[in-house]
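What follows is a short report on a single structure.
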Amino acid sequence: MTEENAHDDAADSIVPPADSHQPSLSDPVEQPTSPLPPPPRETVKQGGKKRIVLGVLGVLLLLAVAAAFTLHVEIGDPKSGVTYPYTATYNVWFPDGEPFTIGNARMMVLSYGDELILDVNGNRQKLVVGEEKELAEHHASMNVFGVTLLSTDFKMLLKYRGPVDGKANFFLSVRTSRQVPDFVVDLFLPEEVRAQPA
């Protein structure tokens, strides 16, 4: 064996120190990683706006439900010397022979042919088609969360139009001391009374 071959064999037989880590075929090779780019600002802004809008809508919905549960309409005696410059008119159908309440007036109608008996708080009066009847004046206030939103005096004028499909048809004129939205007038009419603006 020549000297060169002996040197090569010695170099091949060098054993690395025991504490050094030698890569094996089973170890995964780490790849250099680069951080992910941040999401575009547009996406973040739109997601935040959507959450805010949904939050506001949720709060409004909760307030509407709470207001509906706390809505209270009080009917009382009218103030003296009140005028009624505002008028809302309706075509209404009262149940025939069934009691109902409008404001604090307990009412019932009994019709036969072109005549009708109108009972208002125990006071009976006969009406014929085309005849008018004015109901007593009242004061109404609408409260939500214990706060008065609307307060007005009102009176109603009924004009009998005759029987229609088992109901008594009237032209109803509601006169108020303050302008009142239609939906508030609807609150005074019970479910038994069908009404449409005229």
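The values are calculated or read from the model by the stated rules, or taken from the named source; none is laboratory data. Computed from a prediction, not measured in an experiment: that's the story for all the values here. Glycine also receives a Cβ, built like all others from the backbone with ideal geometry; neighbour counts cover every protein chain displayed. Keep in mind that these areas ignore ligands, DNA and RNA; they rest on the heavy atoms of the full protein, side chains included. Shrake-Rupley method; radii C 1.70, N 1.55, O 1.52, S 1.80 Å.
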Of the accessible area of region 95-153, with the probe set at 1.4 angstrom, what percent is carbon plus sulfur? 50
Accessible area, 1.4 Å probe, largest first: how do L118, L62, L110 sort? L62, L110, L118
Just want the answer: with Cβ charges of +1 for Lys and Arg and -1 for Asp and Glu, which residue in N121, V184, T101 is farthest toward the dipole's positive end in region 66-190? V184
With all protein chains present, how much of the accessible area of region 158-198 (probe radius 1.4 Å) comes from carbon and sulfur, to the nearest whole percent? 46
Report T148's accessible area, 1.4 Å probe, all protein chains in place, as a number in Å² to the nearest 10. 80
FRET efficiency for T101 and K49, Cβ-Cβ distance as r, R0 = 45 Å, nearest 0.05? 0.40
In whole Hz, the Karplus estimates of ³J(HN,Hα) for region 154-167 (6.51, -1.76, 1.60; θ = phi - 60°; x where Gly or Pro) are 8, 9, 10, 10, 10, 10, 6, 10, x, x, 9, 6, x, 10
More than 21 Å apart - percent of Cα-Cα pairs taken over region 44-198: 53
Spatially proximal lysines relative to K126 (Cα-Cα < 27 Å; intrachain offsets below 8 disregarded): K155, K159, K167
Ranked from the most accessible area to the least, with a 1.4 Å probe and all protein chains present, what is the order of D182, D119? D182, D119
Neighbour cut-off at most 12 other Cβ (10 Å), DSSP loop, GluC sites (Glu not before Pro), region 77-143: none
Determine the per residue accessible area of region 67-198 with all protein chains present and a 1.4 angstrom probe, expressed in square angstrom. 55
Could you order I102, I52, I75 by accessible surface area, starting with the largest, using a probe radius of 1.4 Å? I52, I75, I102
